[in-house]
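Notes follow the structure.
The values are calculated or read from the model by the stated rules, or taken from the named source; none is laboratory data. These numbers were taken from a predicted model, which means no experiment stands behind them. When we count neighbours, we look across all protein chains shown, and the Cβ atoms used for this are built from the backbone with ideal geometry, even at glycine. The area values use the complete protein model at the heavy-atom level, side chains included, leaving out ligands, DNA and RNA. Shrake-Rupley method; radii C 1.70, N 1.55, O 1.52, S 1.80 Å.
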Amino acid sequence: MNSLIIAGLLLVLLGLAYQSGWSRSRGLATADGVKVHSRPQYHGSYVAIWTLVPALLILGLWAWLGGGLTHSFIISQIPAETVQSLDQVGLNATIARIQSIASGYGVAGEVLPYEQTAGDSLRSFNTITFLLVAGAAAVAGIVALLYARSRITARHRARNAVERVINIALLACSAVAILTTVGIVASLVTEAYRFFTFIPPQDFFFGTVWNPNNAGSAGNWGSYGLLPLLVGTLMITAIAMLVAVPVGLMAAIYLSQYAHRNLRAVAKPIIEILAGIPTIVFGFFALVTVGPFLRDAGNLIGLSINATSALTAGIVMGIMIIPFVSSLSDDILNQVPRTLRDGAYGLGATKSETIRNVLLPAALPGIVGAFLLAVSRAVGETMIVVLAAGNSPVLRGNPFEPVATITVSIVNQLTGDTDFAGPQSLVGFALGLTLFVITLCLNIFALYIVRRFREQYE
Amino acid sequence: MATDTLSTGHQASVERTRVIRASLQKRHLSEAIFKGLGLTAIILALGFVALLFTDIVRKGVPAFTQSNLHLSVTFDPAIIGTDPAPVRADGQSDADFQAANLKWQRDLAMLNWNKVIEASLRAAAPAGFEIDTKDILSIAETDARHEVREMFVADPTLLGKTVEVDVLASANAVNWIRGNIDRSLPDTQQQLTAPARALIDALVADGHISNGFSWSIFTNVDSRAAPASAGLLGAFVGTLWMMLIVIALAVPIGVAAAVYLEEFAPKSRLTDLIEVNINNLAAVPSIVFGLLGAAAFINYLHLPISAPIVGGLVLTLMTLPTIIIATRGALLGVSPALRQAALGMGASKTQMVFHHVLPVTFPSILTATILGVAHALGETAPLLLIGMKAFVAAVPATPFDQATALPVQIYLWQGNENRNFFEPRTAAAIMVLLVVMIMLNGVAIYLRSRLEKRA
């Protein structure tokens, strides 16, 4: 309620400021022979910015300090011996009761006399501070308004000032991207460092047993070997690429080189639908349809395939990546100059010979880059693996058995309600750091290759 | 001599033609094979899409109907012996009246409303049907008693009257009616006892149980005790909050960042760094953003766990690179003539960008925003890391309340132990999610084609 009033007041003040700057500027322009440097909107915005900043500063200061001030005021209203006799929980309950009385809602049960007086004085305290803060903000705003208004002359460069403010705001927005990266790296590194104070790095990076003791205490943390997870991740990624690369690449070749315009117009968006489907949907599909199907198919030919296995997760992940591979390959095939293709046709090569012997070798670096991007996508994929890979962090090479990956273990170890006190949850950050470094290297390398490829034909 | 060469030359050319003819056949065959492989790939990819959709729809459609039990409920004073509802006295404070009212409701809640349900179920059963209390109550969903109690709280004059009420059949009853569970399994593997199953069949036969469209899936929140009444409303509102946060933050920040980088930034080390950084950020796995949220927003800034505000912030950071890259692409595509014309008329650079260049890119920015939001909508992994794994049975009133989201609800439902019942329900939730996404994408395509035509 109060914040709504303040926001309303602020808007009114801003409107006034803009209007006053605007009208003053218009007033200048009507005089004969005077050329005003900036248009009235800029003078209006100039005054408005000048008004907004001090008012916001005061409000921000109150938002920062106000809570503590109110708290100590309430405590000062409670008799000293009562404060002494109460523990922290009781004190908080008393404060809540007093606030409830002050709000006029009242409390259940008997109201003690000191509570009533404290509530009454808190109400007046709240009113007074609210009026004071709102008044101070308004006064500061108005003073700044008048000052800014007084600076408006025909030669005043309001536009340049406003544009400078806009420029700074834009720069701040692009800094968000940098801050995100800094935040990611800082949080991963600091928390992973804390993890390594519990578990030595060599035990993490070269350990072959993953068996965190989630109820463990010092000396009994369990084993945190990365290798089983890494092998699981790589196995699923390899299976996914075995599905996605042939299908995606051939689909891209067919659509760009052979398909009739109508087929292309229909098939391309439909394949791209796959890219927009949330991964949890693929996970569910893998869990309830693909997994049981593979198990039954395995039984038919005498293979023992688990319903949740590296194979299930890998195949479905491959399906998910198909549009990624095909649209990237499509782009890259289209960038190979026509002259290369026409030269091959002129020598009498068939279409497929041209594609295999001319187009693909020429596009190879770009396609490799695209595949690396797809690999990085597969390595970081989470929900399909959480649902369909079986979560069995054991070092083994059989794709028909359940596995666990880095991402699955992050989800299992970090559920959001931990206080990051032991390696059980901190390991999530060490795993996240590993994942981040792997995908970052893949991405940088892939983008480098793709860029080199583009430059080659530009 | 001359004729000899001629004839050998002729022979050689005939020979060459023969060889070429023979190899041509082979080459055409391999051409056909290659083309066939390409076609197979297309058919496979399209087949996967078709399979995925038909599978989800086939599994999910039954969950949009619910089985209703039609009962005549009697509010028997012998069971509901209670004081009248409190009336507000003069001078009573809000809090005191609330307390009295709550006490009355608590007294009502202490009554055994199951007896009311049991009586009405027995009334509906065929005459002389032998079944004990536990078994007969397993037919109706456990929240039936709350439903009846709330009717009474809302209207205490019902005491002693009989009204027609529809309550939900229990999840296990639904499994039995729909054949989700194998009917030929022996008693020990059935979730319902033999008399309960027989009574269900009898009730279906005489029309006391019938199917209706399940509005409750849209209007109820998640429920653990009463799975048949579990709905998506809480998750839907949670997702809505997060998407509002994403739109409110990611679009202005993303567009501003793109404008700065594309139009104003001096070519320097720093801007190069920002550029590389944004490209990499776009490819960082989403789960890493979840780790950032857990460490920075929850552990460091102490924002509430599993609240839409944290989810919204994490998804905003994840969507930003998409919007920045798309906007930059659109800005790059604006014709230089437009810029030069604006500058030539004496516009400043800022005026040129904001008055002339940016409006032209509006369709692209809008499309990128919708696609980015659609992507954020389906994201699950980062939300799990910020605590959105918890069971929440409430509609979040503010972004600071505990909430779930649609994809998280799907994750939670697929993990429910009553698989037979929740598999269709999960598929139904997926259908809802996909419909929302397809609508968003459709709007993006429609707007793009419309706005581009106008521009």
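Summary of values
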| read-out | value |
| --- | --- |
| Filtered residues of segment B:371-425 (kept if without any contact (Cβ under 8 Å) to a residue 24 or more places away in the chain, within 11 Å of chain A (Cβ to nearest Cβ) and of a type outside the set (Lys, Arg)) | B:414, B:415 |
| Tabulated pairs, segment B:162-180, first touching a residue at least 60 places away in the same chain (Cβ under 8 Å), second of a type in the set (Val, Ile, Thr) and in a loop (DSSP other than H, G, I, E, B), C-beta under 6 angstrom, 6+ apart or interchain | B:173/B:139; B:175/B:181 |
| Segment B:212-225: number of residues that are small (Gly, Ala, Ser), farther than 14 Å from residue B:68 by Cβ and open to solvent by less than 40 Å² (accessible area, probe 1.4 Å) | 1 |
| Residue A:334 vs. criteria open to solvent by 40 Å² or more (accessible area, probe 1.4 Å), more than 10 Å from chain B (Cβ to nearest Cβ) and closer than 25 Å to residue B:39 by Cβ | yes |
| Residue within segment B:91-109 that is on the phi > 0 side of the Ramachandran plot and either within 14 Å of another protein chain (Cβ to nearest Cβ) or not charged (D, E, K, R) (or both) present | yes |
| Positions within segment A:405-445 being of a type outside the set (A, V, I, L, M, F, W, C), farther than 18 Å from residue A:194 by Cβ and more than 9 Å from every other protein chain (Cβ to nearest Cβ), in sequence order | A:405, A:412 |
| Selected residue [assigned to a helix (DSSP H, G or I) and open to solvent by less than 50 Å² (accessible area, probe 1.4 Å)] from A:137, A:169, A:154 | A:137 |
| Filter pass, residue A:402 being away from chain B (no Cβ under 14 Å) and surrounded by fewer than 18 Cβ atoms within 10 Å (Cβ to Cβ) | no |
| Top-ranked residue of segment A:417-440 - restricted to ones that are under 20 Å from the mean Cα position of the chain (by Cα) and open to solvent by 10 Å² or more (accessible area, probe 1.4 Å), ranked as modelled with the lowest pLDDT | A:417 |
| From B:72, B:30, residue being under 30 Å from residue B:199 (Cβ atoms) and either in contact with a Ser or Thr (Cβ under 7 Å, 6 or more places away or on another chain) or in a helix (DSSP H, G or I) (or both) | B:72 |
| Filter result for residue A:254 (at the interface with another protein chain (Cβ under 7 Å from one of its Cβ atoms), crowded, with 22+ Cβ neighbours inside 10 Å, in contact with a Lys or Arg (Cβ under 9 Å, 6 or more places away or on another chain) and hydroxyl-bearing (Ser, Thr, Tyr)) | yes |
| Segment B:13-29: number of residues that are surrounded by 11 or more Cβ atoms within 10 Å (Cβ to Cβ) and of a type in the set (A, V, I, L, M, F, W, C) | 2 |
| Single residue of A:176, A:247, A:185 found to be among the β-branched types (Val, Ile, Thr), in contact with a Leu (Cβ under 9 Å, 6 or more places away or on another chain), part of a helix (DSSP H, G or I) and open to solvent by 50 Å² or more (accessible area, probe 1.4 Å) | A:185 |
| Selection status of residue A:287, at pLDDT 90 or above, away from chain B (no Cβ under 14 Å), touching a helix residue (DSSP H, G or I) at 6+ places or on another chain (Cβ under 7 Å) and not in a loop (DSSP other than H, G, I, E, B) | no |
| Elements of type helices (runs of 4 or more DSSP H) contained in segment B:223-306, each with 3 or more residues being among the charged types (D, E, K, R) and more than 10 Å from chain A (Cβ to nearest Cβ) | none |
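A quick yes/no check of all residues on (1) aliphatic (A, V, I, L, M); (2) buried (at least 18 other Cβ atoms within 10 Å of the Cβ):
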{"residue": "B:113", "(1), (2)": "no, yes"}
{"residue": "B:118", "(1), (2)": "no, yes"}
{"residue": "B:133", "(1), (2)": "no, no"}
{"residue": "B:169", "(1), (2)": "yes, yes"}
